[in-house]
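Contents: one structure, followed by commentary.
A short reminder: the numbers here are calculations on the coordinates, not readings from a lab. No experiment lies behind these values; they were computed from the predicted model shown. All Cβ positions, even for glycine, are placed from backbone atoms using ideal geometry, and neighbour counts span all protein chains on display.
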């Protein structure tokens, strides 16, 4: 019996390399095709179109979104379900809020509402309401009266029952900013004194319950534009320095910020302050993130970035049609393509932002 033995064919080294190259190229092409087919889908699929236009008065409150609809305030959740509605005393009002209360203000009237849509109190003031500030359990109102021979101005503080706790006379004073600390225990007042030869930035703190001033600090070496209180520390952002005070009687430390402007703050026990160069008019090419403890990083950015949002564990840099994501240590993570060009971005609801495309407003989770 004759048995025919077939010889096993061996693949040559050249053919093997060619086949491996084909496999690699195919994998790259498939991956690229999948990326092209899914560009923008990760974000567009999660973006929720909101039931109001960009010109509407709207804001985030806790885990909800509130917007004005004529005389109605409407509160919805992130699935667009209506949580509550409340009719106010007028339309065309101005709003100030935090996660606890909403202040609606007209010419000389305010109405205060809690996070459940319940009316707390309304009051009429002797003068025009210039602005309002919301604390955890207090309300501050800046009021200016126009009389024949003088224009008195004052800041009045109410509790949530509508009881006036304290009134500060600010007539002929240049008030830059005012507000409460997170616990609503202290009211701060930032003003500019131009009565002398050199302008002075003055920081004052008050205790409304005791109707007393608790601290005062005058800064002659720079003009202070904004003030933040986190815990027991006060952060003053000026033209030259970011200065941290344990109290107004001490000067703990400062960081030079001349040539930089503050664009975002993330509140933590060690807060993070995001600065961009003063010259950044249309696009931001670099950011500087300074921690309250004094450490800092700089991040060089891709072209056309116009908005920075500092999150809990990521830094989000928005261009017209892209989002570039970095770690809080400044390391690049990845980028996302937006489905269409955007014109504005606002922080809201923790890990969400409001994104505006033309007149349409979307709620978008931060990736």
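Numbers below:
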{"quantity": "Ordering of 91-102, 276-287 by packing [mean C-beta count within 10 Å, highest first]", "calculated": "91-102, 276-287"}
{"quantity": "Tilt relative to the chain, helix 13-37 - C-alpha long axis, 0 to 90 degrees, to 10", "calculated": "30"}
{"quantity": "Residues of the stretch 326-360 with amide N under 20 Å of a point placed 7 Å along Cα→Cβ from residue 268", "calculated": "326-334, 347-353"}
{"quantity": "Percent RCO, i.e. relative contact order, over the chain, from Cα pairs under 8 Å lying at least 6 residues apart", "calculated": "10"}
{"quantity": "Ellipticity estimate at 222 nm from DSSP helix runs (n ≥ 4, -39,500 (n - 2.57)) divided over the chain, nearest 500", "calculated": "-2500 deg cm²/dmol"}
{"quantity": "Average projection area in nm² (convex hull over Cα atoms of the chain, one quarter of hull surface)", "calculated": "29.2"}
{"quantity": "Per-pair calculated FRET efficiency, R0 = 22 Å: residue 164 and residue 107 via Cβ, rounded to 0.05", "calculated": "0.70"}
{"quantity": "Difference of contour (0.36 nm per residue) and Cα-Cα distance, residue 220 to residue 298", "calculated": "25.2 nm"}
{"quantity": "FRET efficiency, 1/(1 + (r/R0)^6) with R0 51 Å, evaluated for residue 150 and residue 351 via beta carbons", "calculated": "0.55"}
{"quantity": "Once the Cα gyration tensor of the stretch 43-118 is diagonalised, semi-axes √(5λ) in Å", "calculated": "22, 13, 10"}
{"quantity": "Point-to-point label distance, residue 281-residue 72, nm (Cα→Cβ direction, 7 Å offset)", "calculated": "4.5"}
{"quantity": "Global geometry of the stretch 252-311, whether rounded, prolate or oblate, following the gyration tensor of its Cα atoms and the 1.5 cut on a/c", "calculated": "prolate"}
{"quantity": "Highest-first arrangement of 206-213, 139-146, 342-349, where packing means the average Cβ count within 10 Å", "calculated": "139-146, 342-349, 206-213"}
{"quantity": "Two-site label geometry, residue 48 and residue 312: point separation in nm, points 7 Å out along Cα→Cβ", "calculated": "1.8"}
